[in-house]
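Student: Encoded as structure tokens, here's the structure I'll be asking about.
Values in this text are rule-based calculations from the coordinates and carry no lab data. These numbers were taken from a predicted model, which means no experiment stands behind them. Heads up, the Cβs are rebuilt from the backbone with ideal geometry, glycines too, and the neighbour counts pull from every protein chain shown.
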Amino acid sequence: MANASTPDAAVAGLKVRERVLLFCAASGTDWKRAGVIDETATAMIIKGLIVRNAVGRLKLTDRGRTALLALLPDLDDHT
């Protein structure tokens, strides 16, 4: 994921667990119960798609939000 300047580039290299983690972070779902491992969360932080907030919960960065919207192209039309 060298260049995430376009939505397609933002999701091109994401693995299934990374995509699941984006959904979990956006919805507040317990990502560990969804089967996502700690190493995936660490990788997503390094990629700049998620961060930990003050209480340790994961939240999307702007780049992460762009990636999530690229996964849900029809959602962008309704917001």
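Student: Be a star and scan region 51-72 for residues whose amide nitrogen sits under 17 Å from the point 7 Å along the Cα-to-Cβ vector of K15.
Tutor: none
Student: I would also like to ask the following. Could you compute the net charge surrounding E18? Neighbours are other residues with a C-beta less than 12 Å from the C-beta of E18; K and R count +1, D and E count -1.
Tutor: Details: positive: K15, R17, R19, K47; negative: E39.
Charge balance near E18 sits at +3.
Student: Further question: If you put +1 on each Lys and Arg Cβ and -1 on each Asp and Glu Cβ, how big is the dipole of region 7-74 around its Cα centre, in Debye rounded to 20?
Tutor: Around 180 debye, computed over region 7-74.
Student: Taking H as built 1.01 Å from N, whose amide H comes closer than 5 Å to the amide H of L72, not counting residues under 5 places away?
Tutor: none
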